[in-house]
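Novice: What follows is a single structure, and I will ask about it in a moment.
The values are calculated or read from the model by the stated rules, or taken from the named source; none is laboratory data. These numbers were taken from a predicted model, which means no experiment stands behind them. When we count neighbours, we look across all protein chains shown, and the Cβ atoms used for this are built from the backbone with ideal geometry, even at glycine. These area figures cover heavy atoms from the full protein model, side chains too; ligands, DNA and RNA do not enter into them. Shrake-Rupley method; radii C 1.70, N 1.55, O 1.52, S 1.80 Å.
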Amino acid sequence: MTTTDHYAFASTAAEQIIKGMGIVSLPIDPKAIARDREIEVVAKPMENEGVSGMLVRFGNNFAIAYATHLQNEGFENFSVSHELGHYFLPGHADAVISGDSGAHLSRAGFSSTNKFEIEADRFAASFLMPRHLFYPAIQQAGCGLGAIENLAMLCKTSLHATAIRYTQCTREPVAIIISRGGTIDHCFMSPSLKNIEGIDWLKKRGGVPRNTTTYTFNQVEDNVLHGVRMQATSNVQEWFGGRRSIEISEDVVGLGRYGKTLTVLYDINIPEPEDEEDEEALIESWTPRFKR
Ligand SMILES: [Zn+2]
């Protein structure tokens, strides 16, 4: 299953900037990079909680303000990088700010459907977690939620953004789900999981499946607010349907003030169709034949 990625150029642009600056280690410091370009960066309490940051323009001078209400350094880095996306990506500044002076209010964090916001989000994720530095880090990170937590600590990024980037970059079959209560906000599957035959796309299934740890976890609001963490097992059928009953790992963590839950599904070892055929043939060959 292949789909064209219309936003890949925003990722590539971000990675080329990091490479061009000769940065060879994580974390990336977007505030320092902005200040190097004489872009003023200020923390600002935003009146509207949905607003993550602002890009302000006076002629050829730019300033960035970022929201602090989530008290999350990773989210702040993402917000600043999102604004840098509007600054660096061709056509953005003119598209999001009309005229040569004004301000753009951003809603960073994968919830907007606006083209420019999606592009700036993609830019931000790749700016903070460029593949040439992130791939080697994945090799050292472990698996499941633990891997995502290690990478978030290394990159100074939010668990949410790190989880999405991890799913795009890992070779393992992994899915991450962001949910609130009984509803799936969004989910991402790694390329190797998408290529497995006979499983459904999660988004087609809508709600959080009832027999899962995530569903039970989300019944208690404090679990989300206090960042409670659970490691459990689940079954591939609960989440993806299909005909195979195979145990998988399900890690769950509350994302605090963000008000949402991150679920990581991994250890998804589904046999290749050829292997299954081989097995069936083997069973067949060992079954005594009485018919003569
Ligand atoms: Zn924006």
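Novice: Starting from segment 15-38, keep only residues that are among the basic types (Lys, Arg), then list their pairs with residues that are surrounded by 18 or more Cβ atoms within 10 Å (Cβ to Cβ) whose Cβ atoms are within a distance under 7 Å, requiring at least 6 positions of separation or different chains.
Specialist: LYS31/VAL41; LYS31/VAL80; ARG35/VAL41
Novice: Criterion first (under 22 Å from TYR258 (Cα atoms), assigned by TED's automatic domain parsing to the domain that holds ASP29 and part of a helix (DSSP H, G or I)) does SER126 satisfy it?
Specialist: yes
Novice: Specify the residue that is least open to solvent (accessible area, probe 1.4 Å); the eligible residues are those in segment 151-187 that are part of a loop (DSSP other than H, G, I, E, B) and without any contact (Cβ under 8 Å) to a residue 60 or more places away in the chain.
Specialist: So, considering only residues that are part of a loop (DSSP other than H, G, I, E, B) and without any contact (Cβ under 8 Å) to a residue 60 or more places away in the chain, the one least open to solvent (accessible area, probe 1.4 Å) is THR170.
Novice: OK, next. With the structure loaded, tell me whether PRO136 is open to solvent by 50 Å² or more (accessible area, probe 1.4 Å), more than 16 Å from the ligand (Cβ to nearest atom) and either of a type outside the set (Phe, Trp, Tyr) or out of contact with any Pro (no Cβ under 8 Å at 6 or more places or on another chain) (or both) or whether it fails that test.
Specialist: yes
Novice: Can I ask one more? Which count do you get for residues in segment 94-117 that are surrounded by fewer than 17 Cβ atoms within 10 Å (Cβ to Cβ) and either touching a helix residue (DSSP H, G or I) at 6+ places or on another chain (Cβ under 6 Å) or of a type in the set (A, V, I, L, M) (or both)?
Specialist: 3
Novice: Filter segment 196-228 for residues that are of a type in the set (Asp, Glu) and either touching an Asp or Glu at 6+ places or on another chain (Cβ under 6 Å) or open to solvent by 100 Å² or more (accessible area, probe 1.4 Å) (or both) and give the result.
Specialist: GLU197, GLU221
Novice: Taking the options TYR135, TYR215, name whichever one is touching a Cys at 6+ places or on another chain (Cβ under 7 Å) and either assigned by TED's automatic domain parsing to the domain that holds GLY109 or assigned to a helix (DSSP H, G or I) (or both).
Specialist: Matching residue, one of TYR135, TYR215: TYR135.
Novice: Is it the case that segment 48-70 has a residue that's part of a loop (DSSP other than H, G, I, E, B), in contact (Cβ under 8 Å) with a residue 60 or more places away in the chain, assigned by TED's automatic domain parsing to the domain that holds PHE123 and in contact with a helix residue (DSSP H, G or I) (Cβ under 6 Å, 6 or more places away or on another chain)?
Specialist: yes
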